[in-house]
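Asker: Got a structure for you, written out below as structure tokens; questions coming shortly.
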Amino acid sequence: MATVGLVRPDSKAIQYQNLATVSAVEPPHWMMVRAAQLEMEGAEVKVHDCAINGATIGISDCDRYEVWPSGVHPSAFVQEQAGVEHVVEQLRGTGKHIDVMEHLPFNPIGILPAYCTMDAYKAHNWHSWGQGDTRPYGTVSFAISCPYTCRFCTVKQFYRKPYTRQPLSNIMAQLVNLKSRGVRNVKVMDEIAVLPTPEFRDIVWAIEGEFGDYFNFWCYSRADTLPGDDTLIMMKQAGFNWVCVGIESGVQAIRESNGKGSFTNGDVEICVQRLQGAGIHVLGNFMFGFPEDDRDALNRTFELSWTLGCEYTNYYCMVPYPNTKIRALAVERGWDVACTPQEFAQMGYEFKPLQTEFLSSAEVLAYRDWAWSIYHNREGYWDRIGHVFGEQAREEIKNTSRIEIKRKVLDGGTWMDFWKT
């Protein structure tokens, strides 16, 4: 019987700078599904997760090793390469074969993750606002891959399989397993979980019927995929307390050209209002630096985010991941693109977002850091969070919003330093 060692690297300190202590520590879902699959085939499996077990590999006497840098989201593969190199360097001394897993090499449908303890994993602070402790933290999969095609996305390269739903029995078994380990905070891993389909409705009804509101879920949606109000109400009753809506741009034409759908800004407002009306908190996802973005487009994106008033807002920069249409376009135009792992890390010092036809990489990044600060670092927002989630949440976001991060492309300073020059 072969013994296989599975290792997840960790580059959090590089990726997040002084935000590392307030970021989530998510379980390596697919690595643990792989562990279960290998055990089903008769292998003995040893696991080392550098994010919780430390950087020094603590497993030995394996016949071969697999390094799983993907974490929860496939794009993490690129960012984790520095951690991968550290892990491979340690394992090389064993003389055993080492595979770095760039994609899922098996069909994960119907397989339960082989988790042991979940206490070391930590949810995002906003996810647990008003819910108690951030630990333990778990993940559940409703489906793999994605039914949509966005020209900046890497998801399908990781799964290399069509969008496929998990059987309802498997979803419920995953949740029974998490509950048995005391997990309440759960991320639904799907690239898009909330859909106007009978299958999603059945999932929500089954969870509410079996678990009530025991779990505290967060999950992804698009602005044009919400189900009916009856399902939204049942989602809240089933513990779906947060929905992250991928809005990306405040300019409809830019959304359409990048495969994000034909919904209008008015549709986005209705989407957020319907979620909040059902008692579900909204995390808005926005992105600066599409190739077509000029300063007006950045302003319109920020203005939409401000108008929506989401309970929390993520602002990202466009980064051209390998083998995406966006990267091919950037290379064709001769733009300077991110190449090293550090240059892909959104919160990292060396992060290098994509320039646009009208703006430099530095201008895009300075605007992003400004937008995040302006939205979250203000008394009115803190007071709203305190009113909805309690004083502890108010103090958490107040302290987090005051953390400034420095950037290499901003001449080594912050957005404020850059804009002063």
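Just so it is clear, none of the values below were taken in a lab; they were calculated from the coordinates. What you are looking at is a predicted structure, and each value in this text was computed from that prediction instead of being measured. All Cβ positions, even for glycine, are placed from backbone atoms using ideal geometry, and neighbour counts span all protein chains on display.
Asker: Nearest 500 deg cm²/dmol is fine: what mean residue ellipticity at 222 nm does the chain get from its DSSP H runs of n ≥ 4 alone, each adding -39,500 (n - 2.57), divided by its residue count?
Answerer: -11500 deg cm²/dmol
Asker: What ranking of Lys260, Lys187 emerges when the number of other C-beta atoms within 10 Å of each C-beta is taken as an exposure proxy, fewest first?
Answerer: In order of increasing Cβ crowding within 10 Å: Lys260, Lys187.
Asker: If amide H atoms are built 1.01 Å from N in the plane of the peptide, which residues on other chains or at least 5 residues away come under 5 Å of the amide H of Arg8?
Answerer: Under 5 Å from the amide H of Arg8 lie the amide H atoms of His48, Asp49, Cys50, Trp68, each far enough along the sequence or on another chain.
Asker: Now for a separate question. Determine, for region 177-325, the count of lysine pairs separated by eight or more sequence positions (or lying on different chains) whose alpha-carbon distance falls under 27 Å.
Answerer: 6
Asker: Counting Lys +1, Arg +1, Asp -1, Glu -1, what net charge surrounds Ile109 among other residues with beta carbon under 14 Å of its beta carbon?
Answerer: +2
Asker: 5 Å is the cut-off here: which amide hydrogens, built 1.01 Å from N in the peptide plane, fall below it relative to Phe240, excluding neighbours closer than 5 in sequence?
Answerer: Phe217
Asker: First select every other residue whose beta carbon is under 15 angstrom from the beta carbon of Gln273; then total the charges, Lys and Arg +1, Asp and Glu -1.
Answerer: -3
Asker: Separate question: Which of Glu332, Glu292 comes first, and how do the rest follow, when ranked by fewest Cβ neighbours within 10 Å?
Answerer: Ordered from fewest to most neighbouring Cβ atoms within 10 Å, Glu332, Glu292 come out as Glu332, Glu292.
Asker: Follow-up question, since we're still on this one. Quick query: amide H of Cys146 versus all other amide H atoms, modeled in the peptide plane; which residues come in under 5 Å with a sequence gap of 5 or more or a different chain?
Answerer: Distant-sequence amide H within range of Cys146: Tyr163.
Asker: Under a Cβ-Cβ limit of 4.7 Å, which cysteines in the chain have nobody to pair with?
Answerer: Cys50, Cys62, Cys116, Cys146, Cys219, Cys244, Cys271, Cys310, Cys317, Cys339
Asker: Still on this model: Could you give log10 I(q)/I(0) at q = 0.08, 0.12 Å⁻¹ for the chain, computed by the Debye formula over C-alpha point scatterers of equal weight, without solvent?
Answerer: At q = 0.08, 0.12 Å⁻¹ the computed log10 ratios are -0.43, -1.04.
Asker: Follow-up question, since we're still on this one. At 0.36 nm per residue, and after removing the present C-alpha to C-alpha distance, how many nm does the segment from Glu332 to Arg378 gain when stretched out fully?
Answerer: Length difference between fully extended and current span is 12.4 nm.
Asker: OK, next. Using Cβ counts within 10 Å as a stand-in for footprinting exposure, how do Ile247, Ile403, Ile203, Ile57 rank, fewest first?
Answerer: Least crowded to most crowded, the residues run Ile403, Ile57, Ile203, Ile247.
Asker: If Lys and Arg each add +1 and Asp and Glu each add -1, what is the summed charge of the other residues whose beta carbon sits under 10 Å from the beta carbon of Ser257?
Answerer: On the way: positive: Arg151, Arg255, Lys260; negative: Glu256, Glu292.
Spelling it out: positives minus negatives among the neighbours equals +1.
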